[in-house]
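Notes to accompany the following structure.
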Amino acid sequence: MKLCILCEDSKVELARENSKGVLVPNQNKNVLHPGLQAYKETLPKGHLSIPVSETGELPATHWFCFINVDQTGYDKLLSVQEHSIIEENGPKEFLSKWNLKIIK
């Protein structure tokens, strides 16, 4: 299943810490927006690594990621992500719903 995960900037470190052990590096791949490829070395690695805001400009107000997981992975994420919004949706629709744009 394809999940979108969103977290406020002020809570992103807690959300990333909570997901350790649930999201194993390289097992779940985040979809990096083509406009951010040039910045991928400076972005946080893994979970919640795509900066977003209402304007699509800095500063990031939220952090986003899009991952594929099975039902077990989904259940584990729900059990540890008290600081995030997790929904099964496509990235474009999800960000539109929350009135957010990827910072390019």
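Residues Leu95, Leu77: which one is modelled with pLDDT of 95 or more, under 13 Å from Ile5 (Cα atoms), under 13 Å from the mean Cα position of the chain (by Cα) and aliphatic (A, V, I, L, M)? Show your work before the answer.
Working: Leu77 fails: modelled with pLDDT of 95 or more.
That would be Leu95, the only listed residue that is modelled with pLDDT of 95 or more, under 13 Å from Ile5 (Cα atoms), under 13 Å from the mean Cα position of the chain (by Cα) and aliphatic (A, V, I, L, M).
Quick check: anything in segment 4-25 more than 16 Å from Asn89 (Cα to Cα), β-branched (Val, Ile, Thr) and modelled with pLDDT of 65 or more? Step through it out loud before you land on a result.
Quick first cut of segment 4-25, residues more than 16 Å from Asn89 (Cα to Cα) only: 8-25.
Retained after the next criterion (residues that are β-branched (Val, Ile, Thr)): 12, 22, 24.
Imposing the further condition that a residue be modelled with pLDDT of 65 or more reduces the set to 12, 22.
Yes.
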Report, by residue number, each residue of segment 61-74 that is buried (at least 18 other Cβ atoms within 10 Å of the Cβ) and over 12 Å from the mean Cα position of the chain (by Cα). Val69, Gly73
Exactly one condition in (1) under 17 Å from Met1 (Cβ atoms); (2) modelled with pLDDT of 75 or more; (3) among the polar types (S, T, N, Q); (4) touching a helix residue (DSSP H, G or I) at 6+ places or on another chain (Cβ under 9 Å) is not met by Asn28; state its number. (2)
Scan segment 54-87 residue by residue and report those that are of a type in the set (Asp, Glu) and closer than 19 Å to Arg16 by Cα. Asp75, Glu82, Glu87
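The values are calculated or read from the model by the stated rules, or taken from the named source; none is laboratory data. As the structure is a computational prediction, the values presented were derived from the model and not from experiment. Methodologically, a virtual Cβ is constructed for each residue, glycine included, from the backbone with ideal geometry; neighbour enumeration extends over all protein chains shown.
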